[in-house]
Amino acid sequence: MQLRELDLNLLVVFHQLLIDRSVSRAAENLGMTQPAVSNALKRLRGVLGDDLFVRTSLGMDPTPYAVQLAEPVSHAITTLHGALNRHDHFDPATAQKRFTVAMTDIGEIYFMPRLIERLLAASPGISVSTLRSHAGLSEGLANGDVDLAVGLLPDLQAGFYQRRLFHHRYVCLCREGHPITRSEMTQALFCQYGHVRIVAASTGHGEIDTYMHRAGLVRDIRLEVPHFVAVGHILQNTDLIATVPERFATSCVGPFGLTTVPLPLPLPEIAINLFWHTRFNRDPANIWFRNLMFELFSD
């Protein structure tokens, strides 16, 4: 296909439909009528010979061909937007701005102390707000309500950039002097003691539970909690143990009088990535903030 055969305005509509997954929302965000958006989609379907979007109960789902087009189209529109709208220089020393980051509670425990320490010292006008990953995270990143997301987030594919920060390695966490520390760790010993299981829905931690189950490890689950915050308090006064990321364990050892022991089988490492939307790939504030995250936390 030659570009002269295609009205490039149709790609703007295509890009907005990828973000909104709704004709009515796309029309509102583009300042167009719903019939105009529907007509643009009809024309684009005819030119490209593909349905592009299929209506479902959850909205307009892109076809495989639309997913294939998503990244290059988003990149092209972002590049044009950057060229046509010159951004002001971002000075973190004087800027007054709040960044919103989607992360888990374990992310808050690991990232926030060092990040806030740096910001208070060098960028006093910069503040941070955190929130949990949720069904509307993709839309929040696309419209700028959320600046970055951190974690294992397989749903953030088309229209997003990502960069690896590090891998989570897992260890067994328990109190100092726990009987399990006096012998060589075996699978039988690991399963003998009561466990705290962190459910942590919508995170990579659930994959570890699945892996142990497939390996035949039947743990004696005495307590389930939906987050990591209380784990240190629970372990310091009991003989329960927990399987947790090594970085989290390191943050608990000193404050709670805990220690770590190797697990009785190798577990897969969970990749922790930083995500941002293509619309903000060249935004000076976003560039500065994600570069700071890379500087402080990447392996």
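The values are calculated or read from the model by the stated rules, or taken from the named source; none is laboratory data. Note that the coordinates shown come from a computational prediction; the quantities given were computed from them, not determined experimentally. Please note: Cβ atoms are built from the backbone with ideal geometry, for glycine as well, and neighbour counts cover all protein chains shown. Areas reflect the complete protein model, heavy atoms only, side chains present, ligands, DNA and RNA absent. Shrake-Rupley method; radii C 1.70, N 1.55, O 1.52, S 1.80 Å.
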Given the Cα-Cα distance of ARG197 and LYS97 and 0.36 nm per residue of separation, how much length would full extension add, in nm? 32.2 nm
Taking alpha-carbon centroids only, region 190-242 lies from region 29-68 a number of Å equal to 44 Å
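I need the calculated FRET efficiency for the pair GLN187 and ILE221, taking r as the beta carbon distance and R₀ as 25 Å, to the nearest 0.05. Working shown, then result.
On the way: r = 16 Å, r/R0 = 0.63.
After rounding, the FRET efficiency stands at 0.95.
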What full-extension length gain, to one decimal in nm, is calculated for ASP51 and THR79 as 0.36 nm per residue of separation minus the Cα-Cα distance? 7.5 nm
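Report, for the chain, the % of DSSP beta bridges that are antiparallel, rounded to 5. Don't jump to the answer; show the numbers that get you there.
Numbers: 23 of 38 bridges.
Percentage antiparallel, nearest 5: 60.
Rank these by accessible area, largest first, 1.4 Å probe: MET112, MET32.
So the residues, ranked largest to smallest area, are MET32, MET112.
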Relative contact order as a percentage, region 174-270, C-alpha pairs under 8 Å and 6+ apart, gives 42 percent
Quick one: length gained pulling LEU6 to ARG118 fully straight, 0.36 nm per residue minus the C-alpha distance? 35.4 nm
